[in-house]
Amino acid sequence: QVQLVESGGGLVQAGGSLRLSCAASGRTFSSYAVGWFRQAPGKEREFVTAINRSGGSTYYADFVKGRFTISRDNAKNTVTLQMNSLKPEDTAVYYCAASIAAPTVVARYGYWGQGTQVTVSS
């Protein structure tokens, strides 16, 4: 019911910033919670952050609290991940995903983007 495309990844030095965008197609974007996940080489995919349908509630993994901010603009069908104070361990492919369920129920994310590479150099 929804298609997602990530953009904004790239190479930055430690301490730098990147802004990722998740663009959604369709007319029912506001019906979905949206989360960001990441997968580093040789590691399992992990939850990063999520936002509810209206944008009024956000959730963050401990390792990004105070550094990353998720937001959404339902009028533009867009979710943004602002990443500040980046660390080399943030290097991963970042994916946005949509869920019809509550944003913290990670097993219910059923729609995924293609991913965008974030590389943080030391």
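The values are calculated or read from the model by the stated rules, or taken from the named source; none is laboratory data. On a predicted model such as this, the values are computed, not experimentally measured, just so you know. Glycine also receives a Cβ, built like all others from the backbone with ideal geometry; neighbour counts cover every protein chain displayed. All accessible areas refer to the heavy atoms of the entire protein, side chains included, with ligands and DNA or RNA removed. Shrake-Rupley method; radii C 1.70, N 1.55, O 1.52, S 1.80 Å.
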Can you work out which of the residues in the stretch 21-46 that are open to solvent by 20 Å² or more (accessible area, probe 1.4 Å) and of a type in the set (Ser, Thr, Tyr) is nearest to Thr91 (Cα to Cα)? Ser21
May I ask you to list pairs of residues, at least six apart or on different chains, whose Cβ atoms are under 7 Å apart, with the first in the stretch 2-20 being within 23 Å of Trp112 (Cβ to Cβ) and open to solvent by 20 Å² or more (accessible area, probe 1.4 Å) and the second being of a type in the set (Phe, Trp, Tyr) and in a strand (DSSP E or B)? Gly9/Tyr94
Among residues of the stretch 88-122, those that are in contact (Cβ under 8 Å) with a residue 24 or more places away in the chain, hydrophobic (A, V, I, L, M, F, W, C) and either closer than 25 Å to Ser31 by Cα or assigned to a helix (DSSP H, G or I) (or both), counted: 8
Within the stretch 75-87, restricting to residues that are over 18 Å from Gly42 (Cβ atoms) and not in a strand (DSSP E or B), the one that is most open to solvent (accessible area, probe 1.4 Å) is Lys76
Restricting to the stretch 88-111, what's the tally of residues that are surrounded by fewer than 15 Cβ atoms within 10 Å (Cβ to Cβ) and not acidic (Asp, Glu)? 7
Could you count how many residues in the stretch 28-44 are closer than 16 Å to Thr119 by Cα and assigned to a loop (DSSP other than H, G, I, E, B)? 4
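For (1) among the small types (Gly, Ala, Ser); (2) in contact with a Cys (Cβ under 8 Å, 6 or more places away or on another chain), each residue gets a yes or a no:
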position	(1), (2)
Leu81	no, yes
Tyr94	no, no
Thr104	no, no
Trp112	no, yes
Gln117	no, no
Ser122	yes, no
Just for the stretch 47-68: of the residues that are farther than 16 Å from Glu6 by Cβ and not in a loop (DSSP other than H, G, I, E, B), which one is most open to solvent (accessible area, probe 1.4 Å)? Asp62
